[in-house]
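Asks: Okay, handing you the structure first.
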Amino acid sequence: MDIVVDTHRVTQLADLWRRAPDITREEMLRTITECDLLVQGELMQKLPRGAGGLHGAGVAGTVFREEHPLADNVLGLVASKEPYAEYLELGTKPHRVGPNAIDALVDWVEARIGLHDDEAEDMAQGIAWKIRHFGTEAKPVWQQTYARLQGEISAKFDAGIARIAARLTGLPA
């Protein structure tokens, strides 16, 4: 994933932190929160739905966000505690599928395909066979989402810096 850093923006923000740390922290917290909400919303729409996660929403239902204002920075995080999210993003090599994973596959088959009992078990075993022999294909939803939103995220940071400057000068943003 390419991350582009505008050094002018970094220098400008460092100067604003020095001049007005409280205003800068407040506006950057707002900016980071807006960016995190944007990314979280997009991910929740793009990630696969399934039987697990929050109310049957699969990986999409496990996406959360956190923002942490620090003395001279604000950190934002959009993530999932579901280990499957990493496997989905990066894919897997062929591997053994344990009994718990087969049970999860049965649940998924029942929820998403509508098969039940022996038919669901048979399909889950077929999926497990494929995973054992071929692994799983990467579906880089996080990377694609971030790349797609780069322009909007950048615009939100520009607007945040403009709000800080406006508050310092007393002019409207």
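Asks: Which ones in the stretch 25-43 are among the acidic types (Asp, Glu) and either within 14 Å of the chain's Cα centre (by Cα) or closer than 12 Å to Phe157 by Cβ (or both)? Please lay out each step first, then the result.
Replies: Within the stretch 25-43, the subset among the acidic types (Asp, Glu) is 26-27, 34, 36, 42.
Matches in the stretch 25-43: Glu27, Glu34, Asp36, Glu42.
Asks: Just a yes or no: is a residue in the stretch 103-115 within 11 Å of the chain's Cα centre (by Cα), farther than 30 Å from Asp15 by Cα and touching a residue at least 40 places away in the same chain (Cβ under 8 Å)?
Replies: Step one: list which residues in the stretch 103-115 are within 11 Å of the chain's Cα centre (by Cα), which gives none.
No.
Asks: Any residue at all in the stretch 103-113 that is of a type outside the set (Asp, Glu), open to solvent by less than 90 Å² (accessible area, probe 1.4 Å) and at pLDDT 95 or above?
Replies: Checked the stretch 103-113: no residue is of a type outside the set (Asp, Glu), open to solvent by less than 90 Å² (accessible area, probe 1.4 Å) and at pLDDT 95 or above.
Asks: I'd like the residue in the stretch 31-46 that is touching a helix residue (DSSP H, G or I) at 6+ places or on another chain (Cβ under 8 Å) and of a type in the set (A, V, I, L, M) and, out of all such residues, is least open to solvent (accessible area, probe 1.4 Å). Lay out the reasoning, then the answer.
Replies: Step one: filter the stretch 31-46 for residues touching a helix residue (DSSP H, G or I) at 6+ places or on another chain (Cβ under 8 Å), giving 31, 34-35, 38-39, 42-46.
So of that shortlist, the ones also of a type in the set (A, V, I, L, M) come out as 38-39, 43-44.
Details: Leu38: 36, Val39: 22, Leu43: 1, Met44: 69 Å².
Out of the qualifying residues, it is Leu43.
Asks: Please indicate, with yes or no, whether at least one residue in the stretch 47-61 is farther than 17 Å from Arg163 by Cβ, surrounded by 17 or more Cβ atoms within 10 Å (Cβ to Cβ) and modelled with pLDDT of 95 or more.
Replies: No, there is no match, as no residue in the stretch 47-61 is farther than 17 Å from Arg163 by Cβ, surrounded by 17 or more Cβ atoms within 10 Å (Cβ to Cβ) and modelled with pLDDT of 95 or more.
Asks: Which one is farthest from Arg25 (Cα to Cα), of the residues in the stretch 127-153 that are among the small types (Gly, Ala, Ser) and open to solvent by 40 Å² or more (accessible area, probe 1.4 Å)?
Replies: Residues of the stretch 127-153 among the small types (Gly, Ala, Ser): 128, 135, 138, 147, 151.
Narrowing further to those that are open to solvent by 40 Å² or more (accessible area, probe 1.4 Å): 138, 147, 151.
Numbers: Ala138: 37, Ala147: 26, Gly151: 22 Å.
Only one residue fits best here, namely Ala138.
Asks: Continuing with this model, one more query. Quick one: count up the residues across the stretch 8-20 that are open to solvent by 50 Å² or more (accessible area, probe 1.4 Å) and not hydroxyl-bearing (Ser, Thr, Tyr).
Replies: Filtering the stretch 8-20 down to residues open to solvent by 50 Å² or more (accessible area, probe 1.4 Å) leaves 8, 10-12, 15, 18-19.
Add one more test, that the residue is not hydroxyl-bearing (Ser, Thr, Tyr), and what stays is 8, 10, 12, 15, 18-19.
Of the residues in that region, 6 qualify.
Asks: Residues of the stretch 79-98 being part of a helix (DSSP H, G or I), free of Cβ contacts under 8 Å to residues at least 12 places away in the same chain and open to solvent by less than 90 Å² (accessible area, probe 1.4 Å), which ones? I'd like the intermediate steps shown before the answer.
Replies: Taking the stretch 79-98 and keeping what is part of a helix (DSSP H, G or I), we get 83-90.
Those still in the list that are free of Cβ contacts under 8 Å to residues at least 12 places away in the same chain too: 83, 86.
Pro83 - this is the single residue of the stretch 79-98 that is part of a helix (DSSP H, G or I), free of Cβ contacts under 8 Å to residues at least 12 places away in the same chain and open to solvent by less than 90 Å² (accessible area, probe 1.4 Å).
Asks: Turning to a different aspect of this structure: Name the residues in the stretch 61-80 that are in contact with a helix residue (DSSP H, G or I) (Cβ under 6 Å, 6 or more places away or on another chain) and over 14 Å from Leu43 (Cβ atoms), would you?
Replies: Answer for the stretch 61-80, where residues must be in contact with a helix residue (DSSP H, G or I) (Cβ under 6 Å, 6 or more places away or on another chain) and over 14 Å from Leu43 (Cβ atoms): Glu67, Pro69, Asp72, Val74.
The values are calculated or read from the model by the stated rules, or taken from the named source; none is laboratory data. Remember, predicted model here, so these are calculated numbers, not experimental data. Note that each Cβ is placed from the backbone with ideal geometry, even for glycine, and that neighbours are counted across all protein chains shown. What goes into the accessible areas is simple: the full protein's heavy atoms, side chains included, and nothing from ligands, DNA or RNA. Shrake-Rupley method; radii C 1.70, N 1.55, O 1.52, S 1.80 Å.
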